[in-house]
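As structure tokens, the structure follows; a few thoughts come after it.
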Amino acid sequence: MNICPICGQGELETKFYGREMQHKGVNLIVENLQFDCCHECGAELTSPEQMNQNSEIIRTAFINERERVKREQNLLTGVEIRQIRERLKITQKQAANIFGGGSNAFAKYEAEDVVQSVGMDKLIRLASDVPEAARWLFENAGEAYSNNSILSCFKIGGLRPNVYVSKIHQMAISSSDSGDENLSAAPWCDSLTCDNDRKYVDAA
């Protein structure tokens, strides 16, 4: 039995409540927050354990809302960005060096603290899907590229090669318009074509 530290007589009972709030600029409706109420004096107290639990509940609601908004906007979630980064075998610091955005950018993207721009999202997707693009970005940033895949043997699933290459050019143009020079300046964007066996080849 938990005794109220205020009056020293009443028993504390755990209560649950919900509230509307704003967390890091995001509007949330949070349920199942906890506090203790004294039957004797009516004091309302929140223990350290309850504070930690409440913080975790708010954090989870925040991440869920961020992910919902990102899916609506067709952007990668923080989990998906982390999976791509790990597949490329780079740290958050290396990713920031390769893709830009600031030294802590990827830590913030993956934690859902910051929503990446559309241009950044396209650049991350491109590096994930096109090995030659990833290789160019890595080398341009002075990072070693460990993926052994090469452009000439990279097959496309579900899209005609010429359509996919066209999309790459569109992404480069879009990034140029939005000021993302990493993608728009890539020399291989103008040298991609495909053979009839659904494989990438270098036209140069």
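The values are calculated or read from the model by the stated rules, or taken from the named source; none is laboratory data. Bear in mind the structure is a predicted one, so any value in this text is a computation, not a measurement. Note: ideal-geometry Cβ built from the backbone for every residue, glycine included; neighbour counts use all protein chains shown.
Worth a mention:
- Among the residues making up region 5-33, those that are touching a Leu at 6+ places or on another chain (Cβ under 8 Å) and either touching a residue at least 12 places away in the same chain (Cβ under 8 Å) or charged (D, E, K, R) (or both) are Pro5, Ile6, Leu12, Phe16, Tyr17, Gly18, Arg19, Glu20, Met21.
- Residues of region 13-31 that are among the β-branched types (Val, Ile, Thr), surrounded by 11 or more Cβ atoms within 10 Å (Cβ to Cβ), touching a strand residue (DSSP E or B) at 6+ places or on another chain (Cβ under 8 Å) and closer than 18 Å to Arg68 by Cβ: Val30 alone.
- Within region 39-51, if we keep just the residues that are surrounded by 11 or more Cβ atoms within 10 Å (Cβ to Cβ) and assigned to a helix (DSSP H, G or I), the residue that is farthest from the chain's Cα centre (by Cα) turns out to be Gln50.
- Residue match in region 89-97 (condition: assigned by TED's automatic domain parsing to the domain that holds Ala141, surrounded by fewer than 12 Cβ atoms within 10 Å (Cβ to Cβ) and either under 22 Å from Val118 (Cβ atoms) or in contact (Cβ under 8 Å) with a residue 40 or more places away in the chain (or both)): yes
- Meets criteria (free of Cβ contacts under 8 Å to residues at least 60 places away in the same chain, on the phi < 0 side of the Ramachandran plot, outside any loop (DSSP other than H, G, I, E, B) and over 19 Å from the mean Cα position of the chain (by Cα)) for Phe138: yes
- Scanning region 141-154 for residues that are at pLDDT 90 or above and surrounded by 13 or more Cβ atoms within 10 Å (Cβ to Cβ) yields a count of 2.
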